[in-house]
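Peer 1: This is the structure, below, for whatever I ask next.
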Amino acid sequence: MTYLDIESLQVDYRQKNKKHNVLFDVNLQLPQGEIGVIIGPSGCGKSTLLNVLANLNQDYQGRVNINGQLPIEHKGTALILQDYGLLPWKNVWNNIKLGLDIRKVSKEDSKMRNQAILNKMRIADLKKRYPAQLSGGQKQRVAIARSLVLEPELLLMDEPFSSLDALNREEMQDILLHLWQETNLTILLITHNIEEAVFLGQKIFVMSACPGTIIKTFDNDIAGDYSSRGKVEFLEMCNTLRSYLRKEN
Amino acid sequence: MQISKIGWKTVQFFLAIVFILLSWWIFALLLETPAFPPPLEAFTSFFKSMQGDMLLHLRISFYRVAASLLMAAVLGIPAGLFLGKNPHIDQYISPVIYLTYPIPKVVFLPVLLILLGIGDLSKVVLIALIVFYQILVTTRDAARNLQTEYIVSVKSLGANSLELYRHVYLPGCLPAILTSLRLGLGTALAVLFLTETYATSKGIGYFIMYSWSSMAYDKMFAGIIAMGLMGFLLYIFLDGCERYLCSWLNP
Ligand SMILES: Nc1ncnc2c1ncn2[C@@H]1O[C@H](COP(=O)(O)OP(=O)(O)O)[C@@H](O)[C@H]1O
Ligand SMILES: [Mg+2]
């Protein structure tokens with residue numbers, strides 16, 4: 001069943017009376033419980049697409065459906081921004097609890113859920129720290145915890161691991177994969193990194209710029225396998241994707 | 001580590017006090033005038049006056065400053081946050097603020113005296129008006145310059161406008177707000193002195209000028225010390241607020 005269904009999506013930004021067409025005729029389908037990865041040049045409208053799905057931008061044309069609902073109706077969407085969006089004036093505990101507070105979850109319940117997610121993400125000993133006292137990888141864990149504590153159905157991630165070094169990045173990819181296997185989250189993730197796309201994306205959507213549109217969708221069988229990195233099929237898929245991106249840009 | 005940091009702060013503080021008293025004493029010796037007594041004499045007179053009617057004047061002045069700062073904050077902070085959050089409204093208000101900001105509001109003292117009488121209200125309103133502008137402009141600019149990621153990420157958690165103010169705008173602008181309050185405090189005390197030297201018989205400003213005109217220089221200097229200490233205590237209070245409310249700045 002198609003969980004995420006986007007048909008002929010178009011987004012324009014108005015700048016001083018001039019219309020600037022950012023997304024044009026975007027079509028994207030993602031089944032429930034799968035990981036989709038969007039890859040494309042910067043400025044092609046990837047963040048804009050996520051903003052539409054996260055109901056931060058209602059000014060679009062075309063059909064956008066999440067589990068049969070419009071973005072504005074769908075309550076189970078979580079968005080993780082590129083620079084995490086953690087509030088510097090709240091400590092880790094309160095940053096994670098923020099979504100629960102906004103949803104008016106009872107005090108006891110939110111305390112329990114908060115502690116559980118802290119343990120799961122292995123950041124329990126960081127709970128009194130402020131974001132400024134965290135490393136990039138730790139911030140990323142907190143940001144993921146803040147989203148997952150709300151038990152979303154759809155997780156949107158905007159270049160989540162781009163500012164991490166190679167080792168941290170692979171560790172976070174493993175953690176994400178692990179979380180995904182435990183739940184039946186549907187994940188749509190943006191990346192610039194070809195290996196990341198192949199490692200995580202069961203569906204890989206390639207976008208082109210000006211105006212942004214999806215020019216190719218790859219079905220990727222080897223995604224979601226921890227041991228795939230370095231295997232021949234993995235490298236082959238990377239090369240296919242790489243040559244395709246080269247051709248297009 | 002923490003203890004030695006506090007210990008060093010205390011030493012610095014102590015040294016500063018010694019330095020100020022020493023310079024004061026040297027100046028007093030050089031000037032040799034009853035209008036500028038040395039520290040010991042001045043403080044003796046201060047404690048003596050505190051037992052007399054100066055305390056009453058001080059209390060009234062304190063009330064005037066505190067009330068006007070409170071009034072300015074209660075009006076200025078929400079208005080500043082609102083304008084910073086809503087640039088499409090600010091674009092109409094901003095020129096009005098821009099044109100009226102540089103006008104020295106003290107010149108409205110006579111007008112306020114006529115409209116509101118010579119009681120406390122005209123003084124409080126004048127001080128509040130001046131400090132209000134400082135708070136409004138600083139708060140608005142801070143709110144305008146908040147990183148959009150904070151706002152977007154909290155919005156994506158489902159926050160409404162009120163929750164955005166509570167979780168993002170107010171805490172995010174608080175350091176700027178407290179800075180504007182501290183700056184405003186200096187202005188407020190200066191304007192307070194001015195308003196109390198005219199058409200009133202109460203307040204520490206009146207006490208100082210009355211002592212001056214009756215050549216009671218020891219009392220005059222006691223009043224100056226009282227005014228200085230009041231400013232100092234209010235400053236410490238705001239500093240404490242910042243340390244308590246914005247502990248995330250220096251974790
Ligand atoms: N709020 C906005 N107003 C006007 N133009 C915007 C806005 N946000 C993004 N854009 C423009 O839209 C295009 C796509 O932006 P974005 O979706 O952030 O790209 P990506 O995430 O793929 O790098 C860019 O050219 C950018 O300048
Ligand atoms: Mg982007």
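Peer 1: Does region B:185-192 contain any residue that is at pLDDT below 95 and of a type in the set (Ser, Thr, Tyr)?
Peer 2: yes
Peer 1: Can you pull out every residue in region A:40-52 that is open to solvent by less than 40 Å² (accessible area, probe 1.4 Å) and either more than 10 Å from chain B (Cβ to nearest Cβ) or not aliphatic (A, V, I, L, M) (or both)?
Peer 2: A:GLY40, A:PRO41, A:CYS44, A:GLY45, A:LYS46, A:THR48, A:LEU49, A:VAL52
Peer 1: Can you pull out every residue in region A:79-92 that is at the interface with another protein chain (Cβ under 7 Å from one of its Cβ atoms) and either part of a strand (DSSP E or B) or closer than 18 Å to A:LEU176 by Cβ (or both)?
Peer 2: Within region A:79-92, A:LEU79, A:LEU81, A:ASP83, A:GLY85 qualify.
Peer 1: Mind checking which pairs have a first residue in region A:113-131 that is aromatic (Phe, Trp, Tyr) and a second that is surrounded by fewer than 21 Cβ atoms within 10 Å (Cβ to Cβ) and part of a helix (DSSP H, G or I), Cβ under 8 Å, 6 or more apart or different chains?
Peer 2: Here the result reads A:TYR130/B:TRP248, each pair linking region A:113-131 to a residue that is surrounded by fewer than 21 Cβ atoms within 10 Å (Cβ to Cβ) and part of a helix (DSSP H, G or I).
Peer 1: Among the residues that make up region A:172-188, is at least one of them within 16 Å of ligand 1 (Cβ to nearest atom), assigned by TED's automatic domain parsing to the domain that holds A:ARG229 and of a type outside the set (Ser, Thr, Tyr)?
Peer 2: There is at least one residue in region A:172-188 that is within 16 Å of ligand 1 (Cβ to nearest atom), assigned by TED's automatic domain parsing to the domain that holds A:ARG229 and of a type outside the set (Ser, Thr, Tyr).
Peer 1: Check region A:73-80 and report whether any residue there is crowded, with 17+ Cβ neighbours inside 10 Å, within 30 Å of A:SER135 (Cβ to Cβ) and either within 16 Å of ligand 2 (Cβ to nearest atom) or over 12 Å from the mean Cα position of the chain (by Cα) (or both).
Peer 2: There is at least one residue in region A:73-80 that is crowded, with 17+ Cβ neighbours inside 10 Å, within 30 Å of A:SER135 (Cβ to Cβ) and either within 16 Å of ligand 2 (Cβ to nearest atom) or over 12 Å from the mean Cα position of the chain (by Cα) (or both).
Peer 1: Can you name the condition, by its number, that A:ILE72 falls short on among (1) within 16 Å of ligand 1 (Cβ to nearest atom); (2) touching a residue at least 12 places away in the same chain (Cβ under 8 Å)?
Peer 2: (1)
Peer 1: For region B:157-181, enumerate the residues that are facing chain A (nearest Cβ under 10 Å), within 18 Å of B:PHE132 (Cβ to Cβ) and open to solvent by 50 Å² or more (accessible area, probe 1.4 Å).
Peer 2: The one that is facing chain A (nearest Cβ under 10 Å), within 18 Å of B:PHE132 (Cβ to Cβ) and open to solvent by 50 Å² or more (accessible area, probe 1.4 Å): B:LEU170.
Peer 1: I'm trying to understand the selection: among the residues of region A:98-120, which are more than 12 Å from chain B (Cβ to nearest Cβ), of a type in the set (Gly, Ala, Ser) and in a helix (DSSP H, G or I)?
Peer 2: Correct list: A:SER110, A:ALA116.
Peer 1: Report yes if A:ASN57 is within 16 Å of ligand 2 (Cβ to nearest atom), more than 30 Å from A:GLN115 (Cβ to Cβ) and open to solvent by 10 Å² or more (accessible area, probe 1.4 Å), otherwise no.
Peer 2: yes
Peer 1: Okay, next question. Restricting to region A:215-227, give me the number of residues that are part of a helix (DSSP H, G or I) and either over 21 Å from the mean Cα position of the chain (by Cα) or crowded, with 18+ Cβ neighbours inside 10 Å (or both).
Peer 2: 1
Peer 1: So A:ARG14 clears everything in (1) away from chain B (no Cβ under 14 Å); (2) away from ligand 2 (no atom under 13 Å from the Cβ) except one condition, right? Which one?
Peer 2: For A:ARG14, the failing item is (1).
Peer 1: Same structure again: Within the set of pairs 6 or more residues apart or between chains, which connect a residue that is in contact (Cβ under 8 Å) with a residue 40 or more places away in the chain and under 15 Å from A:SER227 (Cα atoms) inside region A:165-188 to a residue that is open to solvent by 30 Å² or more (accessible area, probe 1.4 Å) and not in a helix (DSSP H, G or I) with Cβ atoms less than 9 Å apart?
Peer 2: A:GLU170/A:ARG229; A:ILE175/A:ARG122; A:LEU177/A:ASP225
The values are calculated or read from the model by the stated rules, or taken from the named source; none is laboratory data. What you are looking at is a predicted structure, and each value in this text was computed from that prediction instead of being measured. Neighbour counts are summed over all protein chains in view; Cβ atoms, including those assigned to glycine, are modelled from backbone coordinates with ideal geometry. All accessible areas refer to the heavy atoms of the entire protein, side chains included, with ligands and DNA or RNA removed. Shrake-Rupley method; radii C 1.70, N 1.55, O 1.52, S 1.80 Å.
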